[in-house]
Structures are given as C-alpha cells and as structure tokens.
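The values are calculated or read from the model by the stated rules, or taken from the named source; none is laboratory data. What you are looking at is a predicted structure, and each value in this text was computed from that prediction instead of being measured. All Cβ positions, even for glycine, are placed from backbone atoms using ideal geometry, and neighbour counts span all protein chains on display. When the accessible area is computed, the model is the full protein with side chains, heavy atoms only, and any ligands, DNA or RNA have been set aside. Shrake-Rupley method; radii C 1.70, N 1.55, O 1.52, S 1.80 Å.
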Amino acid sequence: MRKSIVTVILLASAASAFAQTSAPSPTLAKAAKGPVAAKDANKPQIGDFGFDMAGRDTSVTPGTDFFDYANGGWVKTTPIPADRSSYGMFHVLQDLSLERTRTILDVSAKTPGDKVGDFYTSFMDEAAVNAKGATPVKPMLSALKATKDKTALVTEIAKLQRQGVGGLVGVGVSQDDKDPTTYVVQLGQSGIGLPDRDYYLKVDAKLATIRTAYQAYLARMLTLAGEPNAATRAAAVFNMEKGLATAHWTRIESRDADKTYNKWTAADFAAKAPGFPWAQYMTAMGVTGRPFYLVAQPSAVTGEAKVFADTPVNVLQDYAMLKVLRSYAPYLSSDFDKTNFAFYGTTLSGTPEQQVRWKRGVSTVSGAMGEAIGQQYVAKYFPPASKAAADDLVKNVIAAMGERLRNLEWMAPETKTKALAKLAAFTPKIGYPDKWRDYSALQIQRGDLVGNVARANAFEYDRDLKKLGQPIDRAEWFMTPMTINAYANPTMNEVVFPAAILQPPFFDPKADPAVNYGGIGAVIGHEISHHFDDQGRKYDLNGKLTDWWTPQDVARFKVFTDALVKQYDAYEPLPGQHIQGGLTLGENIADLAGLTVAYDAYHKSLGGKQAPIIDGTTGDQRFYYGWAGVWRTKWRDAALQQALLSDPHSPGHQRVLTVRNLDPWYAAFGAKPGEASYLAPANRVRIW
Ligand SMILES: [Zn+2]
C-alpha cells in the first residue's frame, strides 16, 4: 500500500481492471473509438498547428468560460462512447495504446510459452472462462468457509490479500518518508467496497440509491455463488462496511503527509487497535519482525479493528467471500462479470456498455506484466527523437521553475537556496525504464486465468516484500511505458513521463511549439511543481519528509493556498455538488504552477523573437489552446459525482479555468471585468 502521495496528472483508470492488493478493484470499463488517424507526415496530427480550432464554440467569450470557448464545439458534437464513463483526449490516447499493445499481444499469443501471450490467451478464451463458472475461486471460498474462528479467518484473508483480494487494511512496502534510504511496511485504512466513506454516510438522494443498489449487488453475487439467504447476509455485510467507513479518515485528512506518518511497533497494534489478531495477520502477510510500521490513519485502523471484533464470524466470512467474488469477477464467467459491471460500471459510473473483451484483456495483462510488453512497445512506437525532444523540454521547464524560485519575493533567502538545491537534485525519467523487470519467476498458464491473476498479484506482493532491508531501487518505475499519465514521487525527488504521454495532443514534434509548451510543457511543469505543492514541499532534496521552510514561509504560502481552496470550492460542476478545494489543492497548485513555468519556458524558447501569427492566432493564444486541448473532456453525471467525491484532481473543465489566475491569459484573450471567469488582479492566485 503505497501512500497516495505519489501524484499523477490524472486518476489512472485503464489499469483498474487488474486486481490490486490494497484497493477495491471496481472494473470501471473504459474504451472508445479507434486510434488517431495518421496524416501528412509533415503536418501536425491535430489541426493546422496542433490544436483543433473547429472544436471551439465562439458563441461563448473566452472571459465567460475559456473551456467552453476552446472546447464547446467538440463537447456539443462528440458523444461519450457507450463503454466510457468520461471521454477526452486522454481516452483517445488510451485507445491508441490499447490497440498497439494488442498487436504486440496478438503476436505473442501465437507462441505457446510466451508469458504475456499465454496470459492474454487465458483471458481471451471466453468460452473456457464461461464453462468454468465460479469453479476457479471455489477453493478460496471454501477455505474461508472452513475457518472455525476469527484468527483462522484472518490468516485466510491475508493469504487472499496477497493474491489481489482487498483486505480490511491495506499493506504495502515503500520508502520511509523520514528516512527515504530505507524501505518500510506501511498500513492504512481499506476494506470498503464503495469508492469513499461518503458513499455510506452522506445524506444525498443519489448516494442513497447507490447504497440500495450496492446491497442488491452484494446479494446477487452471493446468490450466483450458490449461497442461500443472500439479501439478509448482504445487508449484514453492508452494515459492517458502513462501520469501516465511519472509522475512515476523509480523503482530505488522508492527503496530509505529516498526519499520515505514524510509527507503530508490533506491540502497538495490540494495544492501540485491540480486537484484531494482528500477530497472526502480520505473520500471514509476511511482515513480522519489523522494528516499526508506518500507519497512515491510526484512528481508522483502531476503528476497523473494533468493527472486526464486534462482527460475528459468519458475517466476516461473507464479507471476505464477497471480496473474493468482487476482485475476481472480471476473470470468472459472464454472470459474475456482468453483475459486477452492472454495478461498478453502470450504476456507479453511468457507463451503459462494458468494454469489448480484448480491451479488458490487454488492460489485465498490461497491469500484471506491463514491463514485459513495454520493451516491445517502446521499440515500435517511441522514436529516439521523441525522447531527445522530451529531455530538452523537461530541462527547459526545470530551468523556468528555477528562475521563478530565484525571483520569488515571499520566500526567505535560506529556504530559496534549499528549494533550488532540491530542484537541482531532481531525477527526470522519460519514456521507459533503464532496466526492465524480470518476470522469469512468475508462472503463467494458458488455460488458467484466475490462477494467472492470483500468481501475478502474489508475485508483485512478494517482490515488494523482498525490498525490505535492500537499498532503494532508484531505477524503478511505477507506471508502464504504455500509460497515458505522469507522476511525481516525493521520496525519490523524481518526475516521470511514460512514453505514451509524449504524443499528440500533449506533444507533437510537427505542432507549433506554443501548443507543445501549453500541452506537455504544462504537464511537465505540473509534475515538477508537485514537489513544491502543499504536501510535496515538505520533502527535502533527498526526498525526506522534514520541516525545511521557515514558519513565515509556511504562513505566507498558506495565504495563497487558502485562496486557491476557496476558488475551487466555489465551482459547482453538478447541481449541489461542489469541487472540494481541500481535496484537489495539490493538483490545483500543480496546474497553476505548471502552466506558469511552461509559459516562461515557451517565451525563453523564442529567444527574444516575436512568435509568428498562425491562422490569425498569436503564440500566447496557441499556448493556452494547448492547455485547453489537453483537458478536452466530458463526463457522465454518475462518474463526475464519483470524481467530485474521491478524485484529488478537479474535472478537466475547471482545470482549464485556472488560466483566470494568469495575467498573460487576460492579455491574450481580452477577458473583461463583468465576465464570469474574470478575476480582478488582486484576486488572481500567484504562488510561484
Ligand atoms: Zn498531479
């Protein structure tokens, strides 16, 4: 369970079909149209200069709503594909990655013994999967049912957790935030089947409907597994989960790097969280004998232990069986798979249709053995020129951030010096890992989908355990090259950009540089500035969580961030549903700062020359179009509600609107007082 402090450019969704150890694994099916069509080799892939001007809505003024102005035409004419809960440029590229990965897997599948091909084949043999029904998970269910007491049950739960089934608490290995040269075992709240505690607790008509549907879903899964009295048993499991949710911290609380750093010894678990057989659990998880553990949400772990103590063993068994069925439903016969999708895909996310099978198969194998595919992917689809160009862009944006830090008026000189040292110590990773993962110890069998998924999860977990006591693997990547995303990892002081995000509309060597700086340049700036956002700033140049700012710096910074919280709190993407400014603060800071430094880097790249006028647009206009183009997105209401409750990123629409904080945007588009997005200069938030 890596603490959620690794910050990405958007919430990853394509890989969520693969069962993860620490999180519930809702299969939010995602898919859409085919790949981006190839055009004339010398022209940008999109529009005349890299942005689709035809997708604008010029009946809206930029100052009213820059997202609607730049993207409104596209929004009006583009339906969300039936198998998507939201749709935009990220998804277009996800589809391209899926298509490309499929061509690799199709070739691999022709060679029996090729692991990724065998894994993919085991997923694609739908007839065989259907014929087996629930048989592949029957041994897991029987083992749970056979337990005579809670201690025995917890041992079984831990075994299953190592195979990708969600547990009561999340367990994982990561760097110690206060001693980032060592790995530690981290534990945190987990165990609920809905996306957030609010889904259980908040008074809201839509959420109440979802709660009812969720209980019906739990009952249906029990029935499919041949269990009697399903409705009563599902209600008991729901009540137990509600107890867990009540103990959970909010997502805003869980963002806090200081509050989530708590050292517990093995003895502390028994003393501080009584009622749960910790010793047996730790043994079965393979994490005994550690000098201490890091607990992210102590009171939640205490509360979860109490729920466990107060719940009868038969309800706990049902709870654990349902965890198995949910985690493995995508790999069982279609009755399980469709029931699971009907709830997690349709009810919870508004997606009418499930993704076609091959896309789910590609996502599953990519999630399990991504680097085995990544090597071929990079050789085929990531030209060395793209890596070189991205290297330059990253250097330029880091230089622009340095310039901003040097010129900052509110930061104490001694803090500034340390901030510049941190920036100088950055490790950018671009495209793909220098060394690739070794999967030779992982057993994959053609006809055994559930076994493959279970072994792949166990392989991953065991690999993490083996890190304990070893030096930090600084070459490790937490995303595959085929991923349309990027991340900042504070304990490594690194920014990471997978190969697949270095494509249009983010980055096109044939596009006007202004669009590239507004696109991938701002994404790079976003990740860089995560290391200086409200949480990332707490880590020093060695990736250590420590207090290196003066109290005055912290106080001044908080004035800016409070203003940004207020600005985003005011947005209401759905009636009655506001953005949570506190939950999205880190991402909003990163968007604002990223766009600011990318703009500086763009101007520096002009070398004192005037940017050309292209199709009647200035360089600055094209820069902001580049940003708007990246966030061209639309949502189904249920998915948007889920994002507002649980996603630390603001929706794409409001991410675009951060331009209203930037003075050059006003000059570029002539936004005027009285227009909806207009902010008086004193109300524009400027941090860096
Ligand atoms: Zn981010």
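What FRET efficiency do you get for Lys202 and Ala127 if R0 is 41 Å and r is their Cβ-Cβ distance, rounded to the nearest 0.05?
0.45
For Thr182, enumerate residues with amide H under 5 Å from its amide H, sequence gap 5+ or separate chain, H modeled in the peptide plane.
Here Asp176 satisfy the definition.
Which residues does the label zone of Phe478 cover in the stretch 167-198, counting backbone N under 17 Å from a point 7 Å along Cα→Cβ?
Backbone N within reach: 170-189.
Please sort 562-574, 288-300 by packing, taking for each peptide the average over its residues of neighbouring beta carbons within 10 angstrom, highest first.
Those peptides, ordered most packed to least, come out 288-300, 562-574.
For the chain, what does -39500 (n - 2.57) per DSSP helix run (n ≥ 4), summed and divided by total residues, give at 222 nm, in deg cm²/dmol to the nearest 500?
After summing the helix terms and dividing by the residues of the chain, the value is -15000 deg cm²/dmol.
Could you work out how far helix 449-467 tilts from the main Cα principal axis of the chain, as a 0 to 90 degree angle to the nearest 10?
So the helix axis and the longest Cα principal axis differ by about 70 degrees.
Quantify, in whole percent, the carbon and sulfur part of the accessible surface of the stretch 526-577 (1.4 Å probe; protein heavy atoms only).
56
Determine the per residue accessible area of the chain with all protein chains present and a 1.4 angstrom probe, expressed in square angstrom.
Ligands and nucleic acids excluded, the figure is 36 Å² per residue.
Compare the peptides 177-183, 435-441, 636-642, 126-132 by average per-residue count of other Cβ atoms within 10 angstrom and give them in order, highest first.
Answer by packing, highest mean first, reads 636-642, 177-183, 126-132, 435-441.
Report for the stretch 134-331 the percent antiparallel among DSSP-assigned beta bridges with both residues inside it, nearest 5.
Counting DSSP beta bridges with both partners in the stretch 134-331, the antiparallel share is about 85 percent.
Considering the Cα trace of the chain, what is its radius of gyration and what is Dmax, both in angstroms?
Gyration radius and largest Cα-Cα distance of the chain: 24.8, 78 Å.
Treat each spin label as a single point 7 Å out from the Cα along the C-beta direction, and report the Thr212 to Tyr678 distance in nm.
Those two pseudo-labels are separated by 4.7 nm.
Measuring from centroid to centroid over Cα atoms, what is the spacing of the stretch 566-587 and the stretch 68-120 in Å?
Computed from Cα coordinates, the inter-centre distance equals 29 Å.
Separation between the Ala667 and Thr78 pseudo-spin-labels, each 7 Å from Cα along Cα→Cβ, expressed in nm?
In this crude label model, Ala667 to Thr78 measures out at 3.1 nm.
Counting only DSSP beta bridges with both residues in the chain, what percent are antiparallel, rounded to the nearest 5?
For the chain, the DSSP antiparallel bridge percentage is about 75.
If I take R0 = 22 Å and measure r between the Cβ atoms of Ser142 and Asn229 in this structure, what FRET efficiency does the formula 1/(1 + (r/R0)^6) give, to the nearest 0.05?
About 0.75, to the nearest 0.05.
Name the residues of the stretch 123-144 whose amide N is less than 13 Å from a point 7 angstrom out from the Cα of Lys338 along the C-beta direction?
Inside the label zone: 130.
How far is helix 298-310 tilted off the main Cα axis of the chain, in degrees rounded to 10, range 0 to 90?
30
Name the residues of the stretch 577-619 whose amide N is less than 15 Å from a point 7 angstrom out from the Cα of Lys395 along the C-beta direction?
605
Can you compute the modelled spin-label distance between Gln375 and Val313, with each label point 7 Å from Cα toward Cβ, in nm?
4.9
If packing is taken as the average number of other Cβ atoms within 10 Å across a peptide's residues, how do 465-475, 415-425, 337-347 rank, most packed first?
Taking the mean over residues of other Cβ atoms within 10 Å, the ranking is 337-347, 415-425, 465-475.
In whole angstrom, note down how far apart the Cα centers of the stretch 453-503 and the stretch 400-433 are.
The stretch 453-503 and the stretch 400-433 have Cα centres spaced 24 Å from each other.
Rounded to whole Å, give me the distance from the Cα center of the stretch 224-270 to that of the stretch 307-369.
Each part reduced to its Cα centre gives a spacing of 18 Å.
Starting from 0.36 nm per residue, how many nanometres of slack lie between Val107 and Lys263 once their C-alpha separation is accounted for?
Roughly 51.3 nm would be gained on extension.
Take the Cβ-Cβ distance between Ser59 and Lys306 as r, set R0 to 45 Å, and report the resulting FRET efficiency rounded to the nearest 0.05.
0.20
How large is ³J(HN,Hα) for each residue in the stretch 494-505, as worked out from phi by the Karplus curve 6.51 cos²θ - 1.76 cosθ + 1.60 (θ = phi - 60°), to whole Hz, x for Gly and Pro?
For the stretch 494-505, the Karplus-derived couplings read 10, 10, 10, 10, x, 3, 6, 7, 8, 9, x, x Hz, x marking Gly and Pro.
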